[in-house]
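Enquirer: My structure is below; once you've seen it, I'll send some questions.
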Amino acid sequence: MKDIEIIPEREGQVQRKGDASTPMACNKKSTAGSVSQRACVFCGSRVVLYPISDALHVVHGPIGCAAYTWDIRGSLSSGQQLHRNSFSTDLREMDVIYGGEKKLLLALRQLIARYKPKAAFIYSTCIVGVIGDDVEAVCRTMTAEAGIPVIPVHSEGFKGTKKDGYRAACEAVASLLGTGSTEDVKPHSVNILGDFNLAGETWIIKKYYERMGIQVVTCITGDAKIEDIRRAHGAKLNLVQCSGSMTHLAKMMEEKYGIPFKRVSYFGIEDMSAALYDTAKFFSDDPTIMQRAQDLVREEVGNIYPQLQAYREELQGKKAAIYVGGSFKAFSLVRALRLIGMQTAVVGSQTGGPDDYKQLAEICDEGTIIVDDSNPLELAKFVLEKDVDLFIGGVKERPIAYKLGVAFCDHNHERKEPLAGYVGMLNFAKEVYSSVMSPVWNFVPRRQPGRAHTGMPSAQEKSVSLEEKIP
Amino acid sequence: MLDGTKAETTERTALRINPAKTCQPIGAMYAALGIHGCMPHSHGSQGCCSYHRSHLTRHYKEPVMATTSSFTEGSAVFGGLANLTTALQNIFSIYNPDVVAIHTTCLSEVIGDDIPTIIKKARDEGKVPEGKVVIHTNTPSFVGSHVTGFSNMVTSTIKYLAEKTGKTTDRLNVIPGYLDPSDILEIKRLLGILGVNSILLPDTSGVLDTGLDGNYTMFPKGGTTVEDIKSMGDSFATIACGHFASHAAATQLENQCNVPAGFLELPIGLTGTDRFINAVRQYATIDIPEAIEEERARLIDLMSDLHQYLHGKTVAIAGDPDHVIAMTQFLVDLDMKPKYVVTGTPGQFFERRIAEILKDSGSNATVKQFGDLFELHQWIKQEPVDLIIGNSYNKHIARVENIPLIRFGFPILDRGTHRLFPTVGYTGAKRLIDEMVNAVLDKKDRECDEQWFELIQ
């Protein structure tokens, strides 16, 4: 375990704050043969578009890609639940030989007739890119036939990284923009970009803006409805949270519709408040907005602060490792952990860019390990080296943390409690506390020094409990 | 709102909704994890590998290791030779497994990568260290299902490794099928009581059910060793459990090394376990020990105690074909009525076999291979059942139709403990009865009118 080496090709993707001289080498394809935690282009597109709940999502390819993305994201919908079904053309050998276009057309015809969706997204998987199906042509035919937008998503798995999938998703969304009426869009209005309504987070954030007197036209894509996306171009400002996935869309909207965008984060008190204040500043023509933002922040922080302090006292000095999809989330987590007295010893992401890592280094303490596109062995090595008390990551990291005897917090698709907003900060503290302080960690080897293993001492060793009276 | 369908079925020729299967590579990956010191390798885009690992992790709650060729647009055009060669070199230099088990994906299959040639080239170029094993299987995602992929990997492992030296050993091969590690442990326990030396392939116990010992090990202690797989060619017989997941591998071994093979179903339920024990008895020429008789008697005792609660209960069963076949037999043993029997995996054998099992049961069931859960839901809407038995994907139907779901098979994504309790053997049968009877009585207790609510059942 101690002698794990870093794969030589990956040396540029691991840094320690204090001795990094060159910028982080990132945006690289994972080295062939590494146990990468990353996914593919299709995955990137699918996770971004999935929460649009009144659209049909059809995966064109063999069954796997549809099966693995069936109802996997806790993206809540206030209306239809159509997105939680799995629709696939389930391509078979004959389709691979003769092409799958006809099958796709037929599938779409049947599905649209049955569900009458507001739009349909058709995802291309690896194989479609190789057998050469003209998905665009099928989509054009269906759009004309059904009178709804049938949008191709160019998400062939091998055509880049997950980030390229985000891009393909942005372009699919962009094709809907500008097609709805902006009549009822108010002068003080925003779009929330890059929140996916996990555990209802979009609803929390939306309420904050509404309390400030700002209209949220749509969120892309948390609890998004096609009609709202169609009129999103009427908003005066775009607020981009998941920058990795949505900066591309924000830039397109800036260029085409002149809507400026701001990068925000809703995790942690500082970042949440900054997001509200930045928005209020943007609408400086109405000073009551800033006034309301200040009142809101005071009230919300006041509500959670005493409880946060209690957690802070317990968690003071504990150390954390963070490995998440997007780097911007990592910034917020570093700050949120600091707020509850914890220090970040290891931090990494799957999709960060050079500037992100530079910025990350700025806010971290000396000696913090910063890593891009890591793998389980590396992560385990860093966790042990830094003797962390908490790991924050996703589904594949959880069992590794537990095997090492380290607490865990899911900050990915599978979180069950909202972690955004002020109430989210409190939930986060609660979740971290409940795992870090769990008595289970007292039984694990690293907290029982002297015991080589989880087992009992050897036969010769005197055990104290026998001499004491057991009550 | 999750109610995704109406009762009327319509012809669907081109469309899969809510599948009861997934693709071949994940089965191959799972089978490869049952080889000791093995790194499964996914020859395709990196998403495949990531999805399979996540999915297996959700079911087993364990770290799942596998590597990927990380295909790019270049590889899609020029083939995956360079990626696979680099991958092999990296895997051995960094992770140092005993075995690399490569499976293909739809992408590499369509491109037409010739894996044996690539492996040979890598060996010739010295990129595979001396003494290390590299095997492969073809798992086109557009053929069969994850069960096919599992079967292909087990068959290929035997093809690559099993040898006949001519000296028959006292060991019995068991190809247990697409089971959880707890099931494998239970089969090993039974074989231990029977006093039969055995080799199980694959054996994921000790790989995907390890304890918390404060270490993270890439290659845990469990898994069938290469040495044991080699010597399977010298065993006196093979018992293969499951037509879809295991029989091909036993046939391969029979043809390759002349090891006589017994083709059974999964040892799930009373009859299934009886057949397994009986086959072992026959091949190993042993008498059944008292301890096994007692286990069996306890199961029958439980069946007699509780038979009135299960009599005539109608059931929808969905899942992998070998599991569904064995479960259908058990339900017949329990005097229950399988009403809808579905597998997503293609294969006419399934419908024939279920019909045979149900022939004298008085059960008039709708049976479908290559079906999906959407259609199952439509049937249930037309005529409901008392219980649904299947993996977590049935929970949407169970909730909408207010029918208890007995979680069974792969994957269980929403409960934590199923993977730890075997469903095979007499022990597993007791657990299944426990779950079924409790589900029926809990529902009654929750929903019946007060005057029918009873303390004593």
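Enquirer: I'd like the residue in the range B:170-194 that is open to solvent by 50 Å² or more (accessible area, probe 1.4 Å) and touching a helix residue (DSSP H, G or I) at 6+ places or on another chain (Cβ under 9 Å) and, out of all such residues, is nearest to B:Ala326 (Cα to Cα).
Expert: Only one residue fits best here, namely B:Arg189.
Enquirer: Those residues that are more than 19 Å from A:Ile63 (Cβ to Cβ) and facing chain A (nearest Cβ under 7 Å), I need them from the range B:47-65; list them, please.
Expert: Once the filter is applied, which keeps residues that are more than 19 Å from A:Ile63 (Cβ to Cβ) and facing chain A (nearest Cβ under 7 Å), the range B:47-65 yields B:Thr57, B:Lys61, B:Glu62, B:Pro63, B:Met65.
Enquirer: Please verify whether the range B:156-165 includes one or more residues that are more than 22 Å from the chain's Cα centre (by Cα), farther than 22 Å from B:Ala249 by Cβ and either surrounded by fewer than 22 Cβ atoms within 10 Å (Cβ to Cβ) or of a type outside the set (Phe, Trp, Tyr) (or both).
Expert: no
Enquirer: Residues being within 11 Å of chain B (Cβ to nearest Cβ) and either open to solvent by 10 Å² or more (accessible area, probe 1.4 Å) or under 20 Å from the mean Cα position of the chain (by Cα) (or both): count how many of those fall in the range A:48-66.
Expert: 3
Enquirer: Tell me, which strands (runs of 3 or more DSSP E) wholly within the range A:202-314 include 3 or more residues that are buried (at least 22 other Cβ atoms within 10 Å of the Cβ)?
Expert: A:215-220, A:237-240
Enquirer: Among the listed residues A:Ile127, A:Ile112, A:Ile122, which satisfies the condition of being assigned to a helix (DSSP H, G or I), of a type in the set (Val, Ile, Thr), more than 7 Å from chain B (Cβ to nearest Cβ) and touching a residue at least 12 places away in the same chain (Cβ under 8 Å)?
Expert: Every option except A:Ile112 fails the conditions.
Enquirer: How many of the residues in the range B:392-431 are in contact with a helix residue (DSSP H, G or I) (Cβ under 7 Å, 6 or more places away or on another chain) and part of a helix (DSSP H, G or I)?
Expert: 12
Condition check ((1) open to solvent by 10 Å² or more (accessible area, probe 1.4 Å); (2) among the aromatic types (Phe, Trp, Tyr); (3) not in a helix (DSSP H, G or I)) across all residues:
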residue	(1), (2), (3)
A:Val346	no, no, yes
A:Thr351	yes, no, yes
A:Asp356	yes, no, no
A:Ala361	yes, no, no
A:Asp365	yes, no, yes
A:Val371	no, no, yes
A:Ser374	no, no, yes
A:Leu377	yes, no, no
A:Lys381	yes, no, no
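Enquirer: Among the listed residues A:Leu419, A:Leu426, identify the single one that is out of contact with any strand residue (DSSP E or B) (no Cβ under 9 Å at 6 or more places or on another chain) and either touching a residue at least 12 places away in the same chain (Cβ under 8 Å) or on the phi < 0 side of the Ramachandran plot (or both).
Expert: Exactly one of A:Leu419, A:Leu426 is out of contact with any strand residue (DSSP E or B) (no Cβ under 9 Å at 6 or more places or on another chain) and either touching a residue at least 12 places away in the same chain (Cβ under 8 Å) or on the phi < 0 side of the Ramachandran plot (or both), namely A:Leu426.
Enquirer: Something else: Of the residues that make up the range B:102-113, is at least one within 18 Å of B:Gly44 (Cα to Cα), open to solvent by 20 Å² or more (accessible area, probe 1.4 Å) and assigned to a loop (DSSP other than H, G, I, E, B)?
Expert: yes
Enquirer: Can you tell me which residue in the range A:130-152 is nearest to A:Ile52 (Cα to Cα), limited to those that are within 14 Å of chain B (Cβ to nearest Cβ) and modelled with pLDDT of 95 or more?
Expert: A:Met142
Enquirer: Of all residues in the range B:404-457, how many are at pLDDT below 95 and buried (at least 20 other Cβ atoms within 10 Å of the Cβ)?
Expert: Number satisfying all stated conditions: 2.
Let's see how each residue does on (1) open to solvent by less than 10 Å² (accessible area, probe 1.4 Å); (2) in a strand (DSSP E or B); (3) hydroxyl-bearing (Ser, Thr, Tyr); (4) touching an Asp or Glu at 6+ places or on another chain (Cβ under 9 Å):
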{"site": "B:Ala28", "(1), (2), (3), (4)": "yes, no, no, no"}
{"site": "B:Ala31", "(1), (2), (3), (4)": "yes, no, no, no"}
{"site": "B:His41", "(1), (2), (3), (4)": "yes, yes, no, no"}
{"site": "B:Gly47", "(1), (2), (3), (4)": "yes, no, no, no"}
{"site": "B:Tyr51", "(1), (2), (3), (4)": "no, no, yes, no"}
{"site": "B:Leu56", "(1), (2), (3), (4)": "yes, no, no, yes"}
{"site": "B:Val64", "(1), (2), (3), (4)": "yes, no, no, no"}
{"site": "B:Phe71", "(1), (2), (3), (4)": "yes, no, no, no"}
{"site": "B:Gly74", "(1), (2), (3), (4)": "no, no, no, no"}
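Enquirer: Right, another one. Under the condition of being surrounded by fewer than 21 Cβ atoms within 10 Å (Cβ to Cβ), of a type outside the set (Asp, Glu) and within 11 Å of chain A (Cβ to nearest Cβ), which residue from the range B:6-26 is farthest from B:Lys381 (Cα to Cα)?
Expert: Applying the filter and picking the extreme gives B:Ala14.
Enquirer: For the range A:159-176, does any single residue satisfy the condition of being of a type in the set (Phe, Trp, Tyr) and either outside any helix (DSSP H, G or I) or over 20 Å from A:Leu56 (Cα atoms) (or both)?
Expert: Within the range A:159-176 (the criterion being of a type in the set (Phe, Trp, Tyr) and either outside any helix (DSSP H, G or I) or over 20 Å from A:Leu56 (Cα atoms) (or both)), the answer is no, since none of the residues qualifies.
The values are calculated or read from the model by the stated rules, or taken from the named source; none is laboratory data. Remember, it's a predicted structure, so these values are computed and weren't measured experimentally. Note that each Cβ is placed from the backbone with ideal geometry, even for glycine, and that neighbours are counted across all protein chains shown. Heads up: the accessible areas ignore ligands, DNA and RNA and are worked out on the full protein's heavy atoms, side chains in. Shrake-Rupley method; radii C 1.70, N 1.55, O 1.52, S 1.80 Å.
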